[in-house]
Amino acid sequence: MKTYNVTLIPGDGTGPEVTEATKRVLEATGITFQWDLAYAGATAQDKFGTPAPDSLFESIRKNKVALKGPVTTPVGYGFRSVNVALRKRLDLYACLRPCKIYPGVPTLFKDVDIVVVRENTEDVYGGIEFEKGKPETKKLLELVSATTGEAIRQDSGISLKAISETCSRRIVRFAFNYARAHQRKKVTAVHKANIMKFSDGLFLATAREVAREYPDIGFEDVIVDALCMQLVRNPSRFDVLVLPNLYGDIISDLCAGLVGGLGVAPGANLGDDIAVFEAIHGSAPKYAGQNKVNPIAMMLSGVMMLRYLGEKEAAERIETAIAGVITEGKSVTYDLKLNEADAQVVGTSQVADAVIKKLRKSNKK
Ligand code: NAD
């Protein structure tokens, strides 16, 4: 039997607990993995003095596939996001986040099955920023004033938003190809082109052009604020959403909320030949070490990894086992119970035990 070499990044906060639970479930399928342990984020900062050591990139480049726990990024100070660095340096340009309702999940909605395709490498995530009061910021303000006649306040900080035709084209193509391969009917391009005519406007114009190459798939565009309203009113009218980086980040959390929350929302960062699988959620540091958070989002990311590796049958079996655990509702974490004090709330590792028990039963059939 084939052994898969996979980089395993436990991450920070609750990351090690959800990745361990996921590793156990993946191994319970009988598939063998050679896990190549790598560190990122605050854990790597403590160990190696940098949040993104070379060994992290070397391992992922070598194995081409990684399963990654969430990492902590300091807010407003300290090191820049390791996630952004990974996505940019490995050119993981497509962020794929399926959001669908599993029966039994507490949610206000039914029939939501949306796939969010987020551009992962540019937009305001480029990390090109100008700090208030710095000489280079002053120079930029002078340039803006001289070329546009518009004055920006002297005490401004500036983050550059750049959206290219190249990256817009490849992400929209990715969304259409995904739609075609997965029998999806419609792609919706999301933007704010009425205000940002040269960045979002370029994204929209490119999306319209690409859409003409796919006459078999429906296409529409929607302004991001209108999308938010429509998503919470009638989410089942959406199928595949394609968005620039920032809107994709925000809207995927919104979509996760529609289908039961961050505890059940998986994801993948995909390039042409490298893939990093991780849940949408962050490191939830306040729950670290408490065996509390939901590992299902991470497990479903593992299911996406199995499908990527061509292990479709094993992926199906895990997904069915997870769906069974959710529907039964006897071995789920606090976030899947409307009443947190519910006696039947279990911890992270007990969810893995329950999924593995179901898998073993299906192995015997
Ligand atoms: P978060 O997703 O870590 O947590 C927000 C809240 O959502 C938690 O307090 C918890 O109530 C809930 N939650 C999250 N994951 C859950 C799970 N698996 N099960 C049950 N409930 C869950 O977001 P945050 O607090 O904004 O960020 C914490 C840290 O994580 C920050 O440093 C941030 O930069 C980082 N982050 C990392 C990633 C990543 O590595 N991909 C993604 C998002 C945020």
- Note on the structure: For strands (runs of 3 or more DSSP E) lying entirely in the range 1-81, having 1 or more residues that are surrounded by fewer than 18 Cβ atoms within 10 Å (Cβ to Cβ) and over 22 Å from the mean Cα position of the chain (by Cα) picks out 3-9, 32-37
- From 222, 172, 187, residue being assigned to a strand (DSSP E or B) and surrounded by 21 or more Cβ atoms within 10 Å (Cβ to Cβ): 187
- Message: Residue pairs, Cβ under 8 Å, 6 or more apart or interchain, first in the range 267-291 and touching a residue at least 24 places away in the same chain (Cβ under 8 Å), second of a type in the set (Lys, Arg) and part of a loop (DSSP other than H, G, I, E, B). List them.
- Response: 273/64; 274/64; 275/64
- Residue list for the range 265-323, restricted to those being under 13 Å from residue 25 (Cα atoms) and within 14 Å of the ligand (Cβ to nearest atom): 295, 296, 297, 298, 299, 300, 301, 302, 322
- Message: Regarding the range 284-291, can at least one residue be identified that is on the phi < 0 side of the Ramachandran plot and in contact with a Leu (Cβ under 9 Å, 6 or more places away or on another chain)?
- Response: no
- Residue satisfying condition, being in contact with a strand residue (DSSP E or B) (Cβ under 8 Å, 6 or more places away or on another chain), modelled with pLDDT of 95 or more and not small (Gly, Ala, Ser), within set 176, 198: 176
- Item | The listed residue being of a type in the set (D, E, K, R) and under 23 Å from residue 16 (Cα atoms), out of 357, 361, 312 | 357
- Message: Checking the condition within 16 Å of the ligand (Cβ to nearest atom), touching a residue at least 12 places away in the same chain (Cβ under 8 Å) and touching a Phe, Trp or Tyr at 6+ places or on another chain (Cβ under 9 Å), which residue from 80, 118, 97 passes?
- Response: 118
- Would you point out the residue of the range 226-244, among those that are in a loop (DSSP other than H, G, I, E, B) and buried (at least 16 other Cβ atoms within 10 Å of the Cβ), that is nearest to the chain's Cα centre (by Cα)? 244
- Exactly one condition in (1) part of a helix (DSSP H, G or I); (2) of a type in the set (Val, Ile, Thr); (3) over 21 Å from residue 298 (Cα atoms) is not met by residue 251; state its number. (3)
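Residue-by-condition table, conditions (1) more than 16 Å from the ligand (Cβ to nearest atom); (2) farther than 28 Å from residue 240 by Cβ:
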site: 31; (1), (2): yes, yes
site: 60; (1), (2): no, no
site: 72; (1), (2): no, yes
site: 85; (1), (2): no, no
site: 89; (1), (2): no, no
site: 106; (1), (2): no, no
- If we keep only residues of the range 242-293 that are in contact with a strand residue (DSSP E or B) (Cβ under 8 Å, 6 or more places away or on another chain) and β-branched (Val, Ile, Thr), then the residue farthest from residue 71 (Cα to Cα) is 242
- Hits in the range 159-169 - residues which are crowded, with 19+ Cβ neighbours inside 10 Å and of a type outside the set (Ser, Thr, Tyr): 163, 167
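The values are calculated or read from the model by the stated rules, or taken from the named source; none is laboratory data. Just so it is clear, the model here is predicted, and its values are computed rather than measured. Backbone-built Cβ (ideal geometry, glycine too); neighbour counts: all protein chains shown.
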